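What follows is one structure encoded as structure tokens, with my remarks underneath.
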Amino acid sequence: MIISIFDSLRFEKSYIEKANNRRHELRFLKPELSEQTASLAQGSDVALIFVNDKADDKILKTLHEVGVRYIALRSAGFNNVDLEAAHELGMKVANVPEYSPHAVAEHTVALMLGLNRKLIRAHNRIRDLNFSLDGLIGFDMYGKTAGVVGTGKIGAEVAKLLHGFGCKVLCYDIRENASLVKAISPEYVALEELFSRSDIITLHAPLNKHTYHMVDEKAVGQFKKGVMLINTSRGGLIKTEAVINGLKQGVIGYLGLDVYEEEEGLFFHDHSEQILQDDMLARLLVFQNVLITSHQAFLTDTALRNISDTTFENINAWADGKSAPNEIKPAPES
Ligand code: NAD
């Protein structure tokens, strides 16, 4: 098969080539998938896409017109694909449901510790030969209440890590995770209760119409003063404006983001020679108590290997005329 790889990033090329094992023709494309770029897949069977590649109904139609029949996501989240439209066009879609929940969970905790112990500020200060400790007071994680929203693969790992720190773990999900309950007996509570009782809130629910802007003005109004909010799931879970106001009022004491609702076209790429046009991001960047990474929570060697291997298990199954092991179909609730 011919595979067009949209938004292909330098660090993943060798992993993709290795997993392909010279079986298919690979076309590495730099641009993200969009209305303007979809026709670059001309003559390809598969569009291999990433988190910020948009595959709405119009774009899927263009892909279909140029010959694409399969959409392979090299990510777990698939909120960027219109599954209904793909289904109607007879296109198959598959994702990589699990490649390393540990990678994302560990980065989540890295954001918590980095913010809490003000590691970036301390490091910058020391590079300036300023060894003062003023302004660097953190808090013990031990004994704090941590609220985990979404206790699937990643959320469950985060809950276990926080349990290991000695946190009291609260959870919210539309369904309880039985193996997590068995492992650490967290307290499942309503979302409002989690928001109002937690010292640390960490988001791990998928982005869909039910979770879009789940952290808005109303939610921020329920937060404990000084709360730490972490989002390594999808940017759209947070209404950025509401969180900026929460930071200005001191309600949010710490904010750690690996994802941002306007990250498309920005994250993963070097814009250092350009003028930042995003005023909300510019505002976020001047808070001392905000730590942002560019959607890198997944970025470990283990995860990259697993992503590529599973991607080619999906593609090879299609090439052999079978169903892909991780095919996703439109669900009534999504
Ligand atoms: P998962 O499907 O295993 O878990 C998601 C959990 O959210 C499930 O338990 C589900 O029941 C729950 N959920 C669904 N709707 C909900 C709602 N309305 N309220 C609360 N909970 C709800 O997924 P996962 O592998 O744990 O991944 C979670 C998210 O992390 C993904 O959707 C993806 O967007 C994101 N992610 C980010 C990165 C990164 O690099 N930053 C990497 C991988 C995944």
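The values are calculated or read from the model by the stated rules, or taken from the named source; none is laboratory data. The shown structure was predicted, so the numbers you read here are calculated from the model rather than taken from an experiment. Every residue, glycine as well, gets a Cβ built from its backbone with ideal geometry; the counts of neighbours run over all protein chains shown. Side chains included, ligands, DNA and RNA excluded: accessible areas come from the protein's heavy atoms. Shrake-Rupley method; radii C 1.70, N 1.55, O 1.52, S 1.80 Å.
Miscellaneous remarks
- Given charges at beta-carbon only (K, R positive; D, E negative), |dipole| of segment 13-81 in Debye: 320 debye
- Prolate/oblate/rounded call for segment 3-91, Cα gyration tensor, a/c under 1.5 rounded: prolate
- Electrostatic dipole magnitude of the chain [Cβ: Lys, Arg +1; Asp, Glu -1; Cα centre; debye, to 20]: 860 debye
- Three-way shape label, the chain, alpha-carbon gyration tensor, a/c 1.5: prolate
- 10 Å Cβ shell holding at most 14 others, DSSP loop, trypsin sites (Lys or Arg not before Pro): longest site-free stretch of the chain: 24-174
- Taking all Cα pairs closer than 8 Å and separated by 6 or more residues, the relative contact order of the chain comes to 17 percent.
- Ser14 versus Gln277: modelled label distance in nm, points set 7 Å from Cα along the beta carbon direction: 3.5 nm
- Here is the tail figure for segment 101-292: Cα pairs spaced more than 21 Å apart come to 50 percent of all pairs.
- Note on the chain: with neighbouring protein chains present and a 1.4 Å probe, carbon and sulfur make up 50 percent of its accessible heavy-atom surface.
- Ordered from highest to lowest accessible area with the whole protein assembly present and a 1.4 Å probe, Tyr142, Tyr70 read as Tyr142, Tyr70.
- Accessible area of the chain divided out per residue, in Å², using a probe of 1.4 angstrom: 49 Å²
- Charge dipole of segment 1-134 (Cα centre as origin; +1 on each Lys and Arg Cβ, -1 on each Asp and Glu Cβ, all else neutral): 660 debye, rounded to the nearest 20.
- Taken over segment 46-175, lysine pairs spaced eight or more positions apart, or on distinct chains, with alpha carbons under 29 Å apart number 14.
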